[in-house]
Amino acid sequence: AAQAGRALKLGMMPADGIGKEVLPCAARVLQSTPGAPKFDFVTLPAGFEHFQKTGSALPDETVRVLREECDGAMFGSVSSPSHKVEGYSSPIVKLRKELDLYANIRPVVGVRGTRDDEKWVDTVIVRENTECLYIKSETIEEGPQGQVARAIRQITERASKRIGKKAFDVALAREALRSKAGTSATAGRGKVTVCHKSNVLSVTDGLFRTAVRGVYESDKKSAGGPGRYEGIDMDEQLVDSMVYRLFREPHVFDVVVAPNLYGDIISDGAAALVGSLGVVASVNAGDTFFMGEPVHGSAPDIAGQNKANPIASIRSAALLLEYMGYSDPALKIYKAVDDVIREGKYLTPDLQGTATTSECEEAILRALQK
Ligand code: ATP
Ligand code: MG
């Protein structure tokens, strides 16, 4: 967190497509939130369009400014070319690596009063972000019966423990926020569900499961008095039944921790429960640096038309604030967004409304001042 009086410097990377429309909305909301610190925004180049112009999707200077000068960052969205482009690799993947942002934290949250309480969803998916099948170690060879392709899936004890610890810390922070906001937990207490498939992949998923459980169990054992995670429960769920339960009874999940690929799939699935990709936020987290990022992509089909839903970006900005230690102004933003969704008058077309990006943003700015 910043010293008193100094503005927080945030690196802003709108990148491509609707990122360029929705990230400025998030900056204006941050600036107008009562009780928020002062911000000093610095716009930094990144993205596929920048690659097409300059040959670099993520200039070294962008990384340097983020590392040496910024307290946090926001990323918009990047276009993924549909075919392989020589020399291009995703700036997001590189940013996560360069800044060691090993966790992708995605809250999926409904709005009270807009859907049946039975199907109320308020879940955070904590996705491991550095390994699993994403190490992209694939081979293909000619076999006697045709081609054989293989992919290596890497799970390490270190990365699994680290993401496990992050998930338990997220559960703790949620408990703290709930008591502040005066709302009760969906299932009474904070809970971390470990998502895996160790009945089939007993070695790789077995290691993931054991490592995450180990974080919780050694916390219990090592503590003479109450452990750090004393108020948190833990259980586990095979990924297939996890998907089933997520759709049938999403309210049973609080914090879910998953290896990279399962985390990707269940968080997109969970996004479907809240109506649109356009409302789902995330933060990429390391131990000390955080980068907010809407879950959606660059949406080329609606880019440049003032139609994109700015809520995912605005919520991502609030998440960033929350993880940087400013939970009071973050809660104000969450509430203003909820008010606008509940009122239903200024929603963009993805939520069956007729409002423009700007009208939705303005409604949120007004709700913030109430
Ligand atoms: P990319 O390759 O950048 O991921 P994409 O075509 O997969 O592009 P996404 O951004 O992932 O596009 O979006 C998938 C669908 O959801 C698109 O039809 C898009 O218009 C819609 N969508 C995504 N984000 C938003 C948003 N913020 N507001 C409205 N609609 C959105
Ligand atoms: Mg996409």
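Here, each number is a calculation from the coordinates, and none is a lab measurement. Treat the numbers as computed from the prediction; the structure is a model and nothing was measured. Neighbour counts are summed over all protein chains in view; Cβ atoms, including those assigned to glycine, are modelled from backbone coordinates with ideal geometry.
Report the FRET efficiency, 1/(1 + (r/R0)^6), for Asp328 and Ala149, where r is their Cβ-Cβ distance and R0 is 56 Å, rounded to 0.05.
On the way: r = 51 Å, r/R0 = 0.92.
Step by step, r from the Cβ atoms, then E = 0.65.
For the cross-link pairs Lys165/Lys191; Lys165/Lys332; Lys191/Lys332; Lys53/Lys94; Lys20/Lys53, which exceed 22 Å when the distance is taken from alpha carbon to alpha carbon? Write down the numbers at each step before the final one.
Values: Lys165/Lys191 13 Å; Lys165/Lys332 28 Å; Lys191/Lys332 25 Å; Lys53/Lys94 19 Å; Lys20/Lys53 16 Å.
Result: Lys165/Lys332; Lys191/Lys332 exceed 22 Å.
How large is the dipole of the chain about the Cα centre if only Lys and Arg carry +1 and Asp and Glu carry -1, each at its Cβ, rounded to the nearest 20 debye?
Dipole size: approximately 680 debye.
Measure up Lys221/Lys335; Lys9/Lys370; Lys166/Lys221; Lys97/Lys345 against 29 Å on the Cα-Cα distance and list the ones that go over.
Details: Lys221/Lys335 39 Å; Lys9/Lys370 27 Å; Lys166/Lys221 19 Å; Lys97/Lys345 41 Å.
Where the Cα-Cα span goes over 29 Å, the pairs concerned are Lys221/Lys335; Lys97/Lys345.
For Glu68 and Arg213, calculate 0.36 nm times their separation in residues minus their Cα-Cα distance, and state this gained length in nm to one decimal.
Separation in residues times 0.36 nm, less the Cα-Cα distance, equals 48.6 nm.
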Taking R0 as 41 Å, what's the FRET efficiency between Asp235 and Val85 from their Cβ-Cβ distance, rounded to 0.05? 0.40
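What is the gain in length, in nm to one decimal, between Val93 and Ala272 on full extension, counting 0.36 nm per residue of separation less the C-alpha to C-alpha distance? Don't skip to the end; give the middle numbers.
Working: separation 179, 0.36 × 179 = 64.44 nm, distance 2.42 nm.
Residue separation times 0.36 nm, minus the Cα-Cα distance, leaves 62.0 nm.
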Within region 188-215, find all residues whose amide N lies under 13 Å from a label point positioned 7 Å from the Cα of Lys221 along Cα-to-beta-carbon. 211, 213-215
For the chain, average projected area of the Cα convex hull in nm²: 20.4 nm²
What residue among Gly227, Gly47, Gly11 shows peak mean-square fluctuation when the chain is described by a Gaussian network model with Cα springs under 10 Å? Gly227
Using label points projected 7 Å from each Cα along Cα→Cβ, tell me how many nm separate Leu177 and Val42, to one decimal. 2.8 nm
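Counting other beta carbons within 10 Å of each Cβ, put Cys70, Cys195 in order, fewest first.
Values: Cys70 20, Cys195 28.
Final ranking by Cβ density, sparse to dense: Cys70, Cys195.
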Say each of Thr288 and Asn199 gets a label point 7 Å from the Cα, pointing the same way as Cα to Cβ; how far apart are those two points in nm? 4.4 nm
Computed FRET value (nearest 0.05) for Gln52 with Glu138, which takes r as the C-beta separation and R₀ as 25 Å: 0.40
